[in-house]
Amino acid sequence: MSNDRSTGPAQNERGAAVAALGRQARRFVLASAALLVAACSQLQLGYNNADTVIAYTLDSYLDLDDGQERLARERIGALHRWHRSTQLPGYAQLLGDARKKVAGPVTATDVREFNAGIRRALAAIGEQAAPDLAALALTLKPAQVERLAEKLARDTSKARRELVRFAGAESLEQRVDRYAERAEDWFGTLSPGQRALIRASIERQPAAQEAWMAEREQRQRELVAVMARIRAEQPPPATATAWLREYFAELAEPRDAQRRARLNAYREENAELVAQLVNSASPAQRATLQKKLGAYAADLDELAAKAASAGRG
């Protein structure tokens, strides 16, 4: 139901929240939540191996020494166990509620509330994981912070080159094709009328991709800055934790009014589009969407049940 372009290149928040097992060091706390909307037939397998993937990604950005790697794996394992035992039922409920909603008319408010539920889930992970990431940040060496900055800069440089290439050569119809392809993962084949809705929405925000790139770059600078500050000042763990919690809170709701307004404008536009797509769906498309949402909810319920059973064992 969600395809919020406010957290991805103009088209895709779920690449955030689905975002998921491996972009930048912040995946240390966000990767598991991507399962909320992951378009992946191997959801349970991916979730069960999330801790390994996150540890590997974190090491690739920081080049951890043996002690840091042990600390990271220990903290990631604890985070994964917490997430499995406390968060999955809420995810299943969120998807189950969405499945019921799409059986009838859907409003933009419904879509915004669904996306807000995803953001609350991400915020809960950030709140829980901040002490763990703070403990790791306090052990970093200057070269590791530099490596993080360099790796993130290379990622951004590659993304910006792709953006320039698309901006110069990609037609409006090609952008519509890319968005439609993602939508068809949920609905099945779109009608000409639904493609027209997508085209009109993209035309209303011609600068969305560039705006997202600027937002991405700012988030990366802020991540490097807070990690460098913790390493340099060596504050008490509680203070380092507070700084990281502030960083994660800023991802969802920036304090800067202009930045926040821009983010909300993309969310509003996307919510309108998703509602229009659902309301224009054929019976077969609604059935496909409901089946997808139901299958993910069932997988999450099963994962939660296994966690509960293991806890009683």
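Taken together, the values in this text are just the output of simple stated rules run on the coordinates, not laboratory data. Everything numeric in this text was worked out from a predicted model, so none of it was measured. Quick reminder, even Gly has a Cβ in these numbers, built from the backbone with ideal geometry, and neighbours come from all protein chains shown.
A few comments on the model shown:
- By average C-beta atoms within 10 angstrom, highest first, the peptides 179-188, 125-134: 125-134, 179-188
- Descending semi-axes in whole angstrom, ellipsoid equivalent of the stretch 232-313, from the Cα gyration tensor: 36, 29, 6
- The stretch 88-102 - phi-based ³J(HN,Hα) in whole Hz, Karplus 6.51/-1.76/1.60, Gly and Pro as x: 4, x, x, 5, 4, 5, 4, 6, x, 4, 5, 4, 5, 4, 6
- Stokes-Einstein D for the stretch 124-214, Kirkwood Rh over Cα pairs, 4 °C, 1.567 mPa s (µm²/s): 78
- In the stretch 198-313, taking the dipole from charged Cβ atoms about the Cα centre, the farthest positive-side position among P283, A240, Q218 is held by P283.
- Legend: calculated FRET efficiency, E268 to Q218, from the Cβ-Cβ distance at R0 = 22 Å, rounded to 0.05, equals 0.60.
- Our compactness index for the stretch 195-284, the C-alpha radius of gyration over the empirical 2.2 N^0.38 Å, is 1.52.
- Shape of the stretch 72-194, Cα gyration tensor, a/c cut at 1.5: oblate
- Hydrodynamic radius (Kirkwood) for the stretch 52-98, which is based on Cα pairs only, to one decimal in Å: 12.2
- Taking θ as phi - 60° and the Karplus parameters 6.51, -1.76 and 1.60, the scalar couplings of the stretch 246-254 work out to 5, 4, 5, 5, 5, 4, 7, 9, x Hz in sequence order, x denoting glycine and proline.
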